[in-house]
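Please read the structure below before turning to the comments.
Read the figures in this text as sums done on the coordinates, not as results from a lab. Since the model is a prediction, treat every value here as computed from it, not as a measurement. Positions of Cβ are backbone-derived with ideal geometry, glycine not excepted, and every protein chain shown enters the neighbour counts.
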Amino acid sequence: MKFHRLSKSDLRRVCEEFAGLGVGSRVKEGAVLEDEGARLYWLDGLILAQEGGLRFPALDEQANATLLRSMPSLVVDMGAVAKIAGGADVMGPGVVKVRGNFGAGNLVVVRDERHDRALAICRALVDSGSIQPRSRGRVAENIHHPGDRVWRLMERLRELLS
């Protein structure tokens, strides 16, 4: 596991890489924690992950509230919450609502219907227009959920920054 603060030039490069997620270019301070192919970036309070060629915001509603709210989402019923939060893919029968427009391969946030909490970051397997509530089959692949490697790195990053 490696941790270090980012230089100004590295900070500019990282901000450019994450610009598609809404990270601005005016970030003043940053750090990175690397472990076994996964990287977690702290950029002026935002926590962003890079794993397996994907870049996505970490599931931290306090640090990343603005980023997570700006992403399209799938709202699932309470019966699907435990499975998805445990790493299962999103199945059509559990989806009760689609918010925003997205294509297959785009990132989406999965939220529960009762509290509207972010449960997972997923890669859509079909576009938003193809998903009908309670439809059949897999609709999104789970790439980040509570308790996974990125989640554990996020906890370690907070310890190192405090």
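Kindly write out, for region 109-119 in residue order, the coupling ³J(HN,Hα) from the Karplus curve 6.51 cos²θ - 1.76 cosθ + 1.60 (θ = phi - 60°), rounded to whole Hz, with x marking Gly and Pro.
9, 9, 10, 7, 6, 7, 10, 6, 7, 6, 9
Tally Lys/Arg at +1 and Asp/Glu at -1 over every other residue whose Cβ is under 11 Å from the Cβ of Ala63; what's the total?
-2
Pull out the extension gain between Leu160 and Lys2, defined as 0.36 nm times the separation in residues minus the alpha carbon to alpha carbon distance; nm, one decimal.
55.8 nm
Among the lysines, select those whose C-alpha is under 22 Å from the C-alpha of Lys2, and discard any that sit fewer than 8 residues away in the same chain.
Those lysines meeting the cut-off are Lys28.
Tell me, what are the semi-axes, in whole angstrom and largest first, of the equivalent ellipsoid of the chain as set by the roots of 5 times the Cα gyration tensor eigenvalues?
They are 29, 16, 13 Å, listed largest first.
Under the rule of at least 5 residues apart or a separate chain, name every residue whose amide H is placed under 5 Å from the amide H of Met91.
Amide H neighbours of Met91: Val139.
Please give the charge dipole size of the chain, origin at the Cα centre, charges +1 on K and R Cβ atoms and -1 on D and E Cβ atoms. Round to the nearest 20 debye.
For the chain, the charge dipole is close to 220 debye.
Region 48-72 to region 93-159: how many Å between their Cα centroids?
So the two Cα centres are separated by 11 Å.
Applying the Karplus parametrisation 6.51 cos²θ - 1.76 cosθ + 1.60 with θ = phi - 60° to the phi angles of region 150-162, what ³J(HN,Hα) value in whole Hz is obtained for each residue in order, glycine and proline being reported as x?
Once θ is set to phi - 60°, the couplings for region 150-162 become 5, 4, 5, 5, 4, 5, 5, 4, 4, 4, 5, 7, 7 Hz.
Can you check what the net charge comes to around Ala80, using other residues whose Cβ is under 15 Å from the Cβ of Ala80 (Lys, Arg +1; Asp, Glu -1)?
+2
Could you tally the net charge around Glu51, taking each other residue with its Cβ under 11 Å from the Cβ of Glu51, Lys/Arg +1 and Asp/Glu -1?
Net charge in that neighbourhood comes out at -1.
From the backbone phi of region 120-125, what are the Karplus-calculated ³J(HN,Hα) couplings (6.51 cos²θ - 1.76 cosθ + 1.60, θ = phi - 60°) in whole Hz, Gly and Pro given as x?
Per-residue couplings from phi come out as 6, 9, 10, 9, 5, 9 Hz.
For region 67-144, state what percent of all Cα-Cα pairs lands in each successive 5 Å bin, counting from 0 Å until the bin that includes the largest distance.
Computed distribution, short to long bins: 3, 19, 35, 29, 12, 1.
Which value in nm describes the separation of the simple spin-label points at His115 and Ala19, placed 7 Å from the Cα toward the beta carbon?
Label-label distance for His115 and Ala19, simple model: 3.7 nm.
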